[in-house]
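What follows is a set of notes on a single structure, which appears directly below.
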Amino acid sequence: MHLRLRCVLCLVLGACGGDSAPLALATAPVTPPITQVVVSDLVPVGPTSFTGVPGATAVLQVRALRADGGPAYAATVVFKVQAGGGSIQPVVTSTDEQGLASAKWTFGPQAAVNLATATGPLAPSPVSFTVSTFPTGPGTP
């Protein structure tokens, strides 16, 4: 058995030598670098301050703009609840062809001032959204 293995190895190694051209080394495919969309401004679409009831929802929307004023396509936008509780979905999203990004905000369960923000990488400042929630039902004027 060892003799056969040695013979096969000699044949394989012998076939690799000689006057043939050297073997080319395989190279890994080159992945293009990930480029970040440059956002020069993030502006609200619609009101940024309103009233509601605890647990209600609202759609937050912003537009990301390039330095030339055109829409920033595929820019990352992060929505975050800052105060009042509640939740936002999705937290991280990308802008569409018009530079728009949206998220659904569910207000906190208590009557309070709720605050949420939208930020974009390289945008100079976040967009802030405020909603004052008031209870409804018996005892509410």
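The values are calculated or read from the model by the stated rules, or taken from the named source; none is laboratory data. As the structure is a computational prediction, the values presented were derived from the model and not from experiment. Cβ coordinates were reconstructed from backbone atoms using ideal geometry, including for glycine residues, and neighbour counts include every protein chain displayed.
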If you go through the stretch 19-42 one residue at a time, do you hit one that is closer than 30 Å to residue 134 by Cα and either touching a Gly at 6+ places or on another chain (Cβ under 6 Å) or at pLDDT below 95 (or both)?
yes
Looking only at residues in the stretch 65-93 that are closer than 13 Å to residue 119 by Cβ, among the polar types (S, T, N, Q) and surrounded by 13 or more Cβ atoms within 10 Å (Cβ to Cβ), which one is modelled with the lowest pLDDT?
76
Hits in the stretch 51-84 (condition: assigned to a loop (DSSP other than H, G, I, E, B) and within 21 Å of residue 98 (Cα to Cα)):
66, 67, 68, 69, 70, 72, 73, 74, 75
Expected output for the stretch 42-60 (first residue within 20 Å of residue 93 (Cβ to Cβ), partner among the β-branched types (Val, Ile, Thr) and buried (at least 16 other Cβ atoms within 10 Å of the Cβ), Cβ below 6 Å, 6+ apart or cross-chain) is 42/62; 42/127; 44/62; 44/127; 57/106
Taking the residues in the stretch 115-137 that are in a strand (DSSP E or B) and free of Cβ contacts under 8 Å to residues at least 60 places away in the same chain as candidates, determine which candidate is nearest to the chain's Cα centre (by Cα).
117
Picked from the stretch 47-61 (must be loosely packed, with under 14 Cβ neighbours inside 10 Å and over 22 Å from the mean Cα position of the chain (by Cα)), the residue nearest to residue 129 (Cα to Cα) is 49
